[in-house]
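These notes are about the structure you will find just below.
The values are calculated or read from the model by the stated rules, or taken from the named source; none is laboratory data. Predicted model, so just to flag it, every value in this text is computed and none were measured. Here Cβ is always computed from backbone atoms with ideal geometry, including for glycine, and neighbour counts include all displayed protein chains.
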Amino acid sequence: MGNFDEDIKRITNEVLEDGTIDGIIREKVVNGFKEAIDNAFRWGELNNAIKKRIQETMVPYIENYNMDEYTLKLETVLSEIIKQSTIPDQTRMIENFQNIMTDVPKRDWTLEEIFDVYKKFVAENINTDGMEVTYDDGVSYEYFEVSAEIEEDDDKWYKSVFEDAHLDFKVDASNDEENEDIQFRVNLSKYNKRDYYEITFRGSPDIDKLRFMSDFEVFLMKLSRYSCRLVGKSTYLSADIKPTKEPEPSFS
């Protein structure tokens, strides 16, 4: 037993003299500092201060960075995928995505300009089932009315510096029930000291739904995505148009 006690004393002296204890204490102190610093960076005022500095520095840099090179690369990749795809739904989905990601030619649009896009879209996509056929000047489907109207939303129960409105695109044809999918509502918002509306149109957030979106829906999403503005004084437009599709002549 005496030898065991002597061994403990000897080992203790060696540990104290060779710096082992110093190393252990140093390691624990360093770990303590490390944990304290990690916690400081994870939450608290230090974390908030660092995050604020990063945002102040990086956000303006990213906003001002020219992404044209990467947009062109994305366009090239999407075009190649469209060419190689043999699935119609997949091709339509990628084409719509590509179109939405492509910048609009300008930021300010009049109601007349947007209405022209709508008229062309309706003429090409209206369901002609049940529409009358006329033979006055060749063979064609009957004319029908389309309209675009801005109406202010006056049902707010609170006061706001923003004036909300909506823009309705409607079709008035003999087979209205067959054409509900080509009528749209766009939300508008105007700061009361400005003379233009901000355009807001929300499509489905599900990327898979892109394959079902019409060309006009994609157009409206682009206007919204690129913060386009509705300018001018027009609040109501209408026009008589006829389908682009021509009926088969029947003289029975």
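Observations on the model:
- Extreme residue, nearest to Asp153 (Cα to Cα), among residues of the stretch 192-210 that are within 10 Å of the chain's Cα centre (by Cα) and modelled with pLDDT of 75 or more: Phe201
- Just one of the listed residues (Asp154, Asp137) is closer than 25 Å to Asp195 by Cβ and modelled with pLDDT under 85, namely Asp154.
- Among residues of the stretch 92-139 being within 17 Å of Glu217 (Cα to Cα) and among the hydroxyl-bearing types (Ser, Thr, Tyr), the one that is surrounded by the most Cβ atoms within 10 Å (Cβ to Cβ) is Tyr118.
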